[in-house]
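Enquirer: Can you read through this structure? Questions will come right after.
Derivation of every value follows stated rules applied to the coordinates shown; laboratory data play no part. Just so it is clear, the model here is predicted, and its values are computed rather than measured. Here the Cβ is made from the backbone with ideal geometry for all residues, glycine too, and neighbour counts use every protein chain on show.
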Amino acid sequence: MISETLASLRREALAVFTPPPRRLLADWIEESVFLPEGVSALPGTVRLWPFQRDIANAVGDPTIERVTLVKPVRVGFTTLLTGALASYIANDPAPILCLLPTEADCRDYMVSDIEPIFDASPALAGLIGNEKDETGRNTILSRRFPGGSLKVVAAKAPRNLRRHNVRVLLCDEVDGMENGAEGSPILLAEKRTLSFADRKIVIGSTPVFEDTSHVLRSYGESDARVFEVPCPECGDFHEILWSDIQWPEGEPAKAHYVCRSCGSVVEERHKPEMVAGGRWRATRPEVEGHAGFRLNALISLLANASWGRLAAEFLAAKDDPARLQTFVNTILGQGWREDGDELDDNELASRAEDFSLDVMPADVLAMTAGVDVQRDRLEITFVGWTREGEAFVLGHKVLWGLPDDDATWSELDDVLKMRFAHRLGGKIGLDATAVDSGDGETMENVYRFCFPRASRKVLAIKGVEGNRPWIEKSKQKIRGGALWIVGVDGIKSHLTSRLARTRSIRFSDSLPPSWFEQLAAERLIIRYSRGQPRRRFERIPGRRAEALDCTVYAFAARQIVNVNWDQRADDLRRGIEGSAPKMQAVIKSKWMKG
């Protein structure tokens, strides 16, 4: 009897020192994280979807060092990321680093997500303090809390990654991060975790290009899990792929899933039940310590991700490579692979049609031009635009003369002022022009020409490589005007894909054969820099590229023009010399929220 009493007392005493069982991160998020209005369309306590729970629990599992998520939009990754961040701060304090593509992304995440969620959640209120604390040690992107710190850092500045040693690294939209002089910012950030044996590295992104994707490469090194759902008819589990979604001709609203095992037609109304019964399956179960998850939006339970809605989006995008790439990246969660990495100039020339600057197509309702500045001439390509987005290359001119000769620029001014007879009855002129100032020897001449003509949307531009917006105003202060930065690689990728996949870029038969040779003067290749793949366009030996450059600049100029198509067509019919369309705001790419 005494021995039993002593044994019981011993068990009770030891129980006092036994730590409580580790809670699943998914459960903690649902109990502790609140979404305020403005952050979520469904404010209140977080309710994770079934496929989100295993992702969250992998992030919270101390036996898993790495988590990679290949994600589309509309699957709530931002909520998961912020929930994981909150859990570490509240329950397992540590030095934490969030890595995002740009400074604007960092500020937006802190102001629009982290601060509102922490303020709205009782379990989190006050934990990260305020950027205006009395010690002066906190800033908007750097917070200290008992036992740890949080820093939200932009990948664009490698120096930001040198000073931090962190145990928890959370990276979002890694495919939007460019390699710098010091190599991959993701690898640089990972090096800051080496001093911690219990480190956690979480990488998520919507993939962009298949052959250089950071997130797809990381997923390929993981246990590569896929989310499979059961068929309501036969019970077999499959990952829903785009090839499984079908609809009657011309009726995308009736899109449905077709089971690969039994061929049953499964309507949208069964999706919630299927997703609730879904499971993650590791396709490489031999890999330990690195959980990889791949999702597409076909299992999203949001109304705007219904199969019918996505089918309609696909039909609207399928003939436009730029829109189709967006669909493939953001809806299917797949990397984009270019077709026609090297163009055939003879095939392009064979497409020439009977139109020109003097025989204007009736559908062309706007015009832009790109000007390439050479040491003995200026070259100009004119591109017309339809309301449907078709591009008509209308003609090309060469103005011989030195760029330091005022007469050369006077002749260019006369050309840019020209108006051309339109089949609707009136005349049409240029809406915007981009003039290359990238050559250091001619830069000042370009500035002197463009800056006084800014009201006519004659822009001084500079082309840059890398993952950039097509056009944006430079932050560089220049006396007398503004320099515009053109992301030439993005436009060249768009041109290459569009020319290979569709015939929505059309050519005048007034263009000489040499123009087509120059348009096809570069090819897309993959080069490795510090061990990381990088897409770049390389000149084919022996070819000039003035036509390609001019076309790229004309496409960039189109981005700042906002046309009232109906008004433009009406003005042409009435012969009214209307004012040029307003310059539209250029919106920089923001961190994509999943």
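Enquirer: Residue-wise, which Karplus ³J(HN,Hα) couplings in Hz belong to the range 269-282, taking 6.51 cos²θ - 1.76 cosθ + 1.60, θ = phi - 60°, and x for glycine or proline?
Expert: So the J values, rounded to whole Hz, are 4, 8, 4, x, 5, 5, 5, 4, x, x, 8, 8, 10, 7.
Enquirer: Taking only Cα atoms, what is the 0 to 90° angle, nearest 10, from helix 77-91's long axis to the longest principal axis of the chain?
Expert: 40 degrees
Enquirer: A further question follows. Could you pull out the pairs from K427/K457; K156/K191; K151/K492; K462/K492 whose alpha carbons sit more than 26 Å apart here?
Expert: Details: K427/K457 19 Å; K156/K191 17 Å; K151/K492 36 Å; K462/K492 15 Å.
With Cα atoms farther than 26 Å apart: K151/K492.
Enquirer: Next up: How tilted is helix 565-574 with respect to the longest principal axis of the chain? Cα atoms for both, answer in degrees (0 to 90, nearest 10).
Expert: So the inclination is approximately 10 degrees.
Enquirer: Label the range 289-352 by shape, choosing from rounded, prolate and oblate, from the square roots a ≥ b ≥ c of the eigenvalues of the Cα gyration tensor; if a/c is under 1.5 it is rounded, and otherwise prolate applies when a/b is larger than b/c, oblate when it is not. It would help to have the intermediate numbers written out before the result.
Expert: Values: a/c = 6.05, a/b = 1.70, b/c = 3.55.
Oblate is the answer for the range 289-352, as a/c is 1.5 or above yet b/c matches or exceeds a/b.
Enquirer: Now for a different question. What does the convex hull of the alpha-carbon atoms of the range 270-387 project to on average, in nm²? Please report the intermediate quantities before stating the final value.
Expert: On the way: hull surface 59.1 nm².
Mean projected area for the range 270-387: 14.8 nm², to one decimal.
Enquirer: On to the next question. Which order results if T502, T330 are arranged by neighbouring Cβ count within 10 Å, fewest first? Could the numbers behind the result be given before it?
Expert: Details: T502 14, T330 21.
So the ranking, lowest neighbour count to highest, is T502, T330.
Enquirer: Amide H neighbours of L69 under 5 Å, counting only residues 5+ apart in sequence or on other chains, H built in-plane at 1.01 Å?
Expert: Amide H neighbours of L69: I203, G204, S205, F293.
Enquirer: Each residue of the range 207-222 in turn: what ³J(HN,Hα) in whole Hz from Karplus with 6.51, -1.76, 1.60 and θ = phi - 60°, glycine and Pro shown as x?
Expert: x, 10, 9, 4, 7, 10, 6, 5, 6, 5, 5, 5, 4, x, 8, 9
Enquirer: For L394, what residues show an amide H to amide H distance below 5 Å, using hydrogens built from the backbone and excluding near sequence neighbours?
Expert: F382, V383, G384
Enquirer: Restricting attention to the chain, give the cysteines that have no other cysteine Cβ less than 4.7 angstrom from their Cβ.
Expert: Lone cysteines by the Cβ rule: C98, C106, C171, C450, C550.
Enquirer: I've got another one for you. Can you classify the range 391-440 as rounded, prolate or oblate using the Cα gyration tensor, where a ≥ b ≥ c are the square roots of its eigenvalues, rounded means a/c under 1.5, and otherwise it's prolate if a/b beats b/c and oblate if not? Present the calculation step by step, with values, prior to reporting the outcome.
Expert: Values: a/c = 2.65, a/b = 1.93, b/c = 1.37.
Prolate is the answer for the range 391-440, as a/c is 1.5 or above and a/b outweighs b/c.
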